[in-house]
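Below: one structure, written as structure tokens.
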Amino acid sequence: MPDSDISPQFNAKMAITDYKKVILDADNYFNKNFTHVAIDEIVKLRADFFDSLLQHLWVCAELHNENISLNAVGGYGRQTLHLHSDIDICVLFDGKLTAEQEEHIGQFFTQLWDIGLELGHSVLALSETDKACKDDITVATSLFEIRHLSGPDAHAKQVLGRLYGDDLWSSEAFFKAKFTEQDERHQKAQGSAFSLEPNLKNSPGGMRDIQTLIWVTRKYFAAQDMAALRRFGFFTADEHAELLESQHFIWRVRWALHAAAQRSENRLLIALQSDVASLMGFGDNSHLAIEKMMRQLYRAMRRISELNQMLLQYFKDEILVQLDKKSTPINQHFEINGRMINARHDDVFVDRKQLIALFIHIAEHANDIDGISPQTIRLIRQVRRRLLGDLQDFYRCRKEFLALFRHPQGMGLALSLMHKHGILASYLPQWREICGQMQFDLYHVYPVDEHTHKLLKNLYALSGKPENTSLVQPAAVYKSIENKEVLLLAALFHDLAKGRGGDHSELGAVDALQFAKFHELKPSQAKVIAWLVENHLLLSLSSQRLDIYDPSEVKNLAKAIGTKARLDALYCLTVADIKATNDDLWTNWKATLLRDLYLSISYALRNGLENVLEQRTIVREHKNEALELMGVNETPEAIKQLWKRLPLSFFSNAQPSEIARYSQAMTKYPADRALILLDENTTKGSSDLFVYMKDKPGLFVTLFNTLASLQISVQQAHISKTKDGYVVESLKILDYDHHPIRTAGRRERIKQKLKQVLFENRKLSKKRQNSNLGSFASEPKVEFLHSRKKDRTLISVTALDNPQFMSHFCSGFRRFELNIHSAKITTVGEQVDNVFLVSDKDGQSLDEENKQALKSFFVDFIKEQIPA
């Protein structure tokens, strides 16, 4: 592409229209050659063309013999001038301008505007540059790229000399300013380059990330380009080539974007993507062409983002004084070094398991780690290229992967870094296929991989404090789910079959089943994961298309869902999915609609529609796994006899580890004593309390009153009776500070108090009236549900969470002489949902008269007990 083709001879007689035609001809020539000439050559030649034009007009303005210089700055100063980029120039002068000089400079700019150039311009006295640079990092950064065009070249040299020194900006201060500037830019871009309309300039992985590296390089190393970093040992030849390749692709997209938009534009708008893809040679098949282009663009931006992070951290270690950078070993492979996890030796990832174990360590030390050290990122990049096959092919990697999804902090920073550095794609082939997968609809604003990443992050956020009131109910439901990894794995697979053709829900369910089998998950878990993937749109579509207040529609949905556990998981998955689809889709109205639907289906399931066969499968699996945890092949006789006495609900509601622990404790404990266990584990979000003893009148009420006197709240409770009159009570509790019971002393005091009251029949001290109960303005909701047992009545009592509520309605059980055979108590947000299986004093179900009397008692008596 010879320069002579675009360098006409300018002359003083040219009119404005002549200049416009010359510029148009030059740009047409650039566009014609865009597809087969290197983009770095194109942008440099365009900068050269405008150099010639501006130098000519500078002479025409009679400024060339004056003590005034014309200089290119910014992108134009770097000689990277895109099709509709601003032409940034800086006029410098020494001393004071005469009136004539000011007039000539004004005429020069006027002529540029008349020609139609988009200018970024400034006029500065040399004596003012120091203050301008010191006051504004943006000015200093722009002048770092100053390039002399006309007039005294000493001006540009003087500015650069001052900037390279430490008087205006020290290397440390400059680095901190640029690092902060980048962080703020990324936050403004919502922390993601991977929206469906990425900003090619300002998003993470965009052009600014490369420029930040160049600016820091120029300031600290006095180098003109990134190639110099290879000489200083910060860059390998492969990394430099990768950065240039990624940069050039983004430049090509940006040039094509400017051509399609016919204006300066940095956002790759959906409306322009087809034209941009066509201009870049990806073909005329709109969707396929866009798909190919965007996948390549996301890959380039991800590469740039990773290299930017790695190099900036290297710069930080080199430039900044690290006063508090101490090293804390994790094990023989990893250490924490200045809030970064670091590999302790270069061969760490020869054992492929360590690629996954790295992220488990990040989860385990979530409060001490902010990221991965640059040395370790480099090792990850190297081993990533050398992988033959998928990481899931390694048995030990599969174990670590499941451990990450089971860890309470696994979906936090650990997941984000695993996704960012390509390990999720290296592990799961289905994930690799949807990286950058576009979604051509009116509501998805992220490609499939980023949408799924956000969904998992949304689920993780439900484990903390709800960000607003619309998430209170989903957060409470999520916290009550025992096997969260089942839900999280379903979330991982819910959209992984998109882009293959066919129903992605059905295809994804097949993938999820194969994954579960390969990872040796229990059949019941595999079944639920596949079901959730196949039905992940059920609640969302039903809330949009059906009359959710029609009992027949609710009944059909309840039958399709089958169990409360499935409903809870599906509800949380639906909420997280909607929020990850589009920030504008989740509204208070949507939250209310889904909440009402969830509560209606939950009620229908309690009223006899729950799938019994599935519950029996879970019981069988839980028993087998409990035996494995006990380390026995056959059921010991003592355990066998105990299990015959226990109700099925004990096995379906408890986890296998709890079944094993509680069963062993019950077989060893004297039958005439009260067994009270309080779990020491505080990482699960609540403490587990277990009580096993001979039943006696008022035991249920006494237990709750004792806990209330200790300022302990019950989040969940499963209470049942054995066939020979013992009570089995399993509760999840929180201390007065809404945290698990943290200290051994506090746990011992609680157990001692329960023993004294429940077993030794000591009286509780009289409770003080709670002056805040006046806020309890909502009547309890009392319903009688369908019971499979003819001699039992199933009662549902729902009311606002209140520390004295339990004792109020338990008074009703005493007054009507009811026997409590089982109870399930669940705290969901500000509401307590209680279901009791009862009979009258003769062991029969309640008749209609007693039902209505009991219902009236609950409503009226509780009102009387609460002060106005």
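Every read-out reported here was derived from the displayed coordinates using simple, explicitly stated rules and does not represent laboratory data. These numbers come from a predicted model, not from an experiment. Every residue, glycine as well, gets a Cβ built from its backbone with ideal geometry; the counts of neighbours run over all protein chains shown.
A few points about this structure:
- Each of SER600, SER85 has some number of other Cβ atoms within 10 Å of its Cβ, and from fewest to most they run SER600, SER85.
- Euclidean distance of C-alpha centroids, the stretch 124-152 and the stretch 611-668, integer Å: 77 Å
- Dipole of the stretch 3-167 [Lys/Arg +1, Asp/Glu -1 at C-beta], most positive-end residue of HIS121, ILE16, ALA154: ILE16
- Across the stretch 647-656, rounded Karplus estimates of 3J(HN,Hα) from the backbone phi angles (6.51 cos²θ - 1.76 cosθ + 1.60, θ = phi - 60°) give x, 4, 4, 4, 7, 7, 8, 8, 7, x Hz, Gly and Pro being marked x.
- Relative contact order (percent, whole number), the stretch 354-445, Cα cutoff 8 Å, 6+ residue spacing: 39 percent
- Which of HIS622, HIS738, HIS148 has the fewest Cβ neighbours within 10 Å, and the rest in rising order: HIS738, HIS148, HIS622
- Flagged links, alpha-carbon separation over 28 Å, of LYS292/LYS420; LYS479/LYS640; LYS668/LYS723: LYS479/LYS640
- Helical contribution to [θ] at 222 nm, DSSP H n ≥ 4, -39,500 (n - 2.57), averaged over the chain, rounded to 500: -17000 deg cm²/dmol
- In this structure, the pairs whose alpha-carbon distance is over 27 Å, taken from LYS789/LYS841; LYS44/LYS219; LYS353/LYS564; LYS178/LYS465; LYS564/LYS751; LYS131/LYS157, are LYS353/LYS564; LYS178/LYS465; LYS564/LYS751.
- For the stretch 173-319, the relative contact order is 29 percent, taking Cα pairs closer than 8 Å that sit 6 or more residues apart in sequence and dividing their mean separation by the residue count.
- Label-point gap, in nm, between ALA853 and GLU482 - each point 7 angstrom along Cα→Cβ: 3.8 nm
- Relative contact order [Cα under 8 Å, 6+ residues apart], the chain, whole percent: 6 percent
- Sorted by Cβ neighbour density within 10 Å, fewest at the top, the residues ILE115, ILE380: ILE115, ILE380
- Entries of LYS721/LYS753; LYS454/LYS824; LYS13/LYS201; LYS527/LYS721; LYS457/LYS527 with Cα pairs more than 32 Å apart: LYS454/LYS824; LYS13/LYS201
- Put a plus charge on the Cβ of each Lys and Arg, a minus charge on the Cβ of each Asp and Glu, and nothing anywhere else: the dipole of the chain about its Cα centre is then about 4500 debye.
- Cα-based shape type of the stretch 3-167, given that a ≥ b ≥ c are square roots of the gyration tensor eigenvalues and the cut on a/c is 1.5: oblate
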